[in-house]
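The values are calculated or read from the model by the stated rules, or taken from the named source; none is laboratory data. Everything quoted here is computed from the prediction, not taken from an experiment. Cβ atoms come from the backbone with ideal geometry, glycine included; neighbour counts cover every protein chain shown. Just so you know, the surface numbers come from the protein's heavy atoms only, side chains and all, with ligands and any DNA or RNA stripped out. Shrake-Rupley method; radii C 1.70, N 1.55, O 1.52, S 1.80 Å.
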Amino acid sequence: MKNKISEEEQQQLISILKVRFEKNPKRHQNIEWSKVDTKLRANPEKLWSLLQMEKTEGEPDVVGYDKNNDEYLFFDCTAESPKARRSLCYDRKALDSRKEHKPKNSAVDMADEMGIALLTEEQYRQLQELGDFDTKTSSWIATPDDVRKLGGAVFCDFRYGRVFLYHNGAESYYAARGFRGYLKI
C-alpha cells in the first residue's frame, strides 16, 4: 500500500535519524531528540516521506523547530545534491516540453511523489549556515512564479565561500544537479 511504512522500517529509520541527530548537534541546537522521536512516532505518514528522502540519499536531519505550529523541520543534509535525485528537469511542464532526450522525471514531480517540497532560496541559505553543501554539485530550488512563467527555473550551489543563485531553462538537466527537499513534522 502506498505511503505505508512497516514497523521494522520505522524502527530502522528512527535509529538512522537518531544517530545522524547525535553526530550533527550544530544543525539543531536546543532541540531534544526525545521530543523529535515522539513526534516521528506519532506521524507514520511523514516517516514514509523521510524514508523516501533517505532512500534517495538525501540524509534528512532536523534543522529547526517552529514553536507556533509545533513542527520540526527536516532538510536534506547530504554533502552533495542527493545522487538518486539528479539529472532531472525542473517540473512537469518542462519535462513535457522536451521532444527528445527526456530526463526520467522532474524535481517538482519527484518531490511531490515523496511528500516533500523543494527548498526555498531562504531555506537553502539557512542550510549553508549549518555546513558547506553542494560544493561540487548544484540543487534546484523552489522557483518564483514570475521566473517560471518566462520559462526559467533557479538553482543554487556553494562556491568560493558563498551561495550562488543561478537561472537556467526549466527543461535543462545535468548529472551534477539534483534537488534538496524539506519536510515539516
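So the values come out like this:
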read-out	value
Two-decimal Rg to Rh for the range 55-185 - Kirkwood Rh, Cα set	0.96
For the chain, built as a Gaussian network whose Cα springs stay under 10 Å, the top-fluctuating residue of Lys99, Lys55, Lys83	Lys99
Nearest-10 value in Å² for the accessible area of Phe21, using the 1.4 Å probe	20 Å²
Where the range 1-108 is the region considered: accessible area per residue in Å², 1.4 Å probe	56 Å²
Alpha-carbon centroids, the range 126-185 and the range 33-69: separation in whole Å	22 Å
Accessible carbon and sulfur surface of the chain relative to its total accessible area, %, 1.4 Å	48 percent
Charge dipole (the chain, unit charges on Cβ, about Cα centre) - positive-most of Ser34, Asn68, Leu47	Leu47
Which of Tyr160, Tyr166 is most accessible, then next, and so on - probe 1.4 Å	Tyr160, Tyr166
For the chain, built as a Gaussian network whose Cα springs stay under 10 Å, the top-fluctuating residue of Lys67, Lys35, Lys93	Lys67
Calculated [θ] (222 nm, deg cm²/dmol) that DSSP helices of n ≥ 4 give over the chain, each run adding -39,500 (n - 2.57)	-10000 deg cm²/dmol
Dipole moment magnitude, nearest 20 debye, the range 59-185 about Cα centre, only Lys, Arg, Asp, Glu C-beta charged	580 debye
Built amide H within the under 5 Å cut-off of Thr120, gap 5+	Ala142
